[in-house]
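What follows is one structure encoded as structure tokens, with my remarks underneath.
The values are calculated or read from the model by the stated rules, or taken from the named source; none is laboratory data. Treat the numbers as computed from the prediction; the structure is a model and nothing was measured. A quick note on method: Cβ atoms are made from the backbone with ideal geometry, for glycine too, and the neighbour counts reach across all protein chains shown.
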Amino acid sequence: MSPNYQATASAPVNIAVIKYWGKRDTKLILPTNSSLSVTLDQDHLRSTTTSRADPKFTQDRLWLNGKVDEIKPDSRLETCITEMKRLRKKTVEDKDPKAPKLSTYHVHIASYNNFPTAAGLASSASGFAALVASLSHLYELPVDASTLSLISRQGSGSACRSLFGGFVAWQMGTKSDGSDSLAIQVAPESHWPEMHALICVVSDDKKGTSSTSGMQRTVETSPLLQHRIKNVVPERMEKMTRAIKDKDFDSFAKITMADSNQFHAVALDTEPPIFYMNDVSRAIIALIVEYNRLSRENGGRYKAAYTYDAGPNAVVYAPEANMKEIASLIIAYFPQKAGDFKDVLGLFGAEGA
Ligand code: 2P0
């Protein structure tokens with residue numbers, strides 16, 4: 001009987017507070033700017049992936065939410081699997097002649113998301129992070145999460161950030177081979193446990209313009225993106241890193257909302273224009289703006305920060321103490337079915353990654 005080579009890992013979604021939008025290399029997935037995100041710790045928003053290697057398998061195969069998904073030649077999936085096998089050979093088999101030659105076996109991979117895919121909830125981020133984390137366990141790779149992020153990045157850019165918990169930066173890097181375009185942890189979740197996120201599912205329909213094609217249209221046509229890349233993001237990355245290290249929610253909130261606004265502005269500046277937010281998204285912005293204005297007018301501080309990705313759903317970051325009030329306000333103004341709002345308690349990273 002042959003030994004059982006199998007491993008399971010899970011990874012959560014991350015929501016950027018400084019947005020990635022645009023590639024300078026579409027094959028290697030190298031971004032036009034650095035980005036920074038918060039990894040959400042919640043059972044509702046995770047991908048869980050099991051990988052198995054067996055000399056009897058005749059090809060690599062993938063099941064996504066129980067359905068066979070073709071691994072096309074030269075696809076992002078194939079690239080990630082090939083790169084993981086290469087890393088197994090280089091870091092384990094070449095060093096120890098007795099190590100099983102798992103890099104020569106085909107793999108079967110089964111992955112599940114427990115939330116709607118492609119609704120602007122970053123399913124590709126958690127999906128590719130869980131895939132790479134599970135293969136890393138299977139292959140017992142002696143490498144750190146930043147090294148794995150170089151590979152998950154080639155599955156989906158934002159996936160490099162989901163290999164860490166807490167507050168995570170994707171450093172864009174400058175090299176043309178992508179070897180310095182990786183994720184690092186700015187601070188673990190335990191650094192700022194009061195930070196919570198409320199996900200407001202405005203719509204779980206599939207989005208109209210995919211991030212991959214939308215962002216390249218922006219690169220090709222938006223003059224505003226060039227301004228953002230050169231003059232805006234580098235300073236924001238520094239200020240946001242400082243805000244997180246200092247647990248300065250006022251600065252965190254200001255930069256988060258400004259960066260969400262500018263991301264949607266560059267989408268609108270694209271030819272033809274891209275609209276991700278809808279009327280409900282904009283009404284939630286108005287509510288958070290008013291909530292902050294009332295607090296600040298009375299000598300208080302920012303109490304909440306909204307951010308929107310490539311879809312209409314709102315994510316509201318706030319100190320835990322404000323969350324009940326914010327959820328009540330949103331439910332009062334936007335009556336919904338129970339379960340549409342998910343208070344994401346705490347922050348957490350890919351298990352064992
Ligand atoms: C982000 N988004 O930083 C930004 C904000 C959407 C808006 O990363 O082509 O799915 O696979 O690298 O990672 C969505 O882009 O695109 C994204 P690919 P990805 O989270």
Open item on the list: Every residue in segment 147-184 that is of a type in the set (Lys, Arg) and within 11 Å of the ligand (Cβ to nearest atom), please.
Closed with: Arg153, Arg161
TODO: Run Thr218 past the list (1) within 19 Å of the chain's Cα centre (by Cα); (2) hydroxyl-bearing (Ser, Thr, Tyr); (3) within 14 Å of the ligand (Cβ to nearest atom) and report the number of the one that doesn't hold.
DONE: (1)
- [ ] Just name the residue that is surrounded by the fewest Cβ atoms within 10 Å (Cβ to Cβ) out of those in segment 278-308 that are at pLDDT 95 or above and outside any helix (DSSP H, G or I).
- [x] Arg301
Open item on the list: Could you check segment 266-282 and list, in sequence order, the residues that are in contact (Cβ under 8 Å) with a residue 12 or more places away in the chain and acidic (Asp, Glu)?
Closed with: Asp269, Glu271
TODO: Go through segment 1-15 residue by residue and tally those that are touching a helix residue (DSSP H, G or I) at 6+ places or on another chain (Cβ under 7 Å) and near the ligand (Cβ under 10 Å from one of its atoms).
DONE: 2
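Could you say whether any residue in segment 51-61 is buried (at least 24 other Cβ atoms within 10 Å of the Cβ) and either farther than 29 Å from Val316 by Cβ or away from the ligand (no atom under 13 Å from the Cβ) (or both)? Steps first, please.
Taking segment 51-61 and keeping what is buried (at least 24 other Cβ atoms within 10 Å of the Cβ), we get 51, 53.
Subsequent filtering for residues that are either farther than 29 Å from Val316 by Cβ or away from the ligand (no atom under 13 Å from the Cβ) (or both) retains 51, 53.
Within segment 51-61 (the criterion being buried (at least 24 other Cβ atoms within 10 Å of the Cβ) and either farther than 29 Å from Val316 by Cβ or away from the ligand (no atom under 13 Å from the Cβ) (or both)), the answer is yes, since at least one residue qualifies.
Please return the ranges of strands (runs of 3 or more DSSP E) entirely within segment 30-140 where 3 or more residues are touching a residue at least 24 places away in the same chain (Cβ under 8 Å) and either out of contact with any Gly (no Cβ under 6 Å at 6 or more places or on another chain) or closer than 30 Å to Glu189 by Cα (or both). If you could, list the steps in order and put the result at the bottom.
Numbers: elements: 35-39, 46-54, 61-64, 67-69, 106-113.
Of the strands (runs of 3 or more DSSP E) lying wholly inside segment 30-140, those with at least 3 residues that are touching a residue at least 24 places away in the same chain (Cβ under 8 Å) and either out of contact with any Gly (no Cβ under 6 Å at 6 or more places or on another chain) or closer than 30 Å to Glu189 by Cα (or both) span 35-39, 46-54, 61-64, 106-113.
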Task: Given (1) away from the ligand (no atom under 16 Å from the Cβ); (2) part of a helix (DSSP H, G or I); (3) not aliphatic (A, V, I, L, M), number of the condition His264 does not satisfy - done: (1)
Open item on the list: Anything in segment 58-99 that is touching a Ser or Thr at 6+ places or on another chain (Cβ under 6 Å) and under 16 Å from Tyr112 (Cα atoms)? List them, or say none.
Closed with: Leu64
Open item on the list: Looking at segment 19-32, can you tell me whether even one residue there is closer than 30 Å to Cys200 by Cβ, modelled with pLDDT of 95 or more and away from the ligand (no atom under 16 Å from the Cβ)?
Closed with: no
Open item on the list: Among the residues of segment 178-191, are any part of a helix (DSSP H, G or I), over 21 Å from Asn33 (Cα atoms) and free of Cβ contacts under 8 Å to residues at least 40 places away in the same chain?
Closed with: yes
TODO: Answer with yes or no whether Ile199 is in contact with a helix residue (DSSP H, G or I) (Cβ under 7 Å, 6 or more places away or on another chain) and not hydroxyl-bearing (Ser, Thr, Tyr).
DONE: no
Open item on the list: On the basis of being within 16 Å of the ligand (Cβ to nearest atom), on the phi < 0 side of the Ramachandran plot, outside the structural domain of Asn14 (by TED's automatic domain parsing) and over 23 Å from the mean Cα position of the chain (by Cα), does Asp250 make the cut?
Closed with: no
Open item on the list: If I filter segment 329-336 for residues that are surrounded by 20 or more Cβ atoms within 10 Å (Cβ to Cβ), touching a strand residue (DSSP E or B) at 6+ places or on another chain (Cβ under 8 Å) and not in a loop (DSSP other than H, G, I, E, B), do I get at least one hit?
Closed with: yes
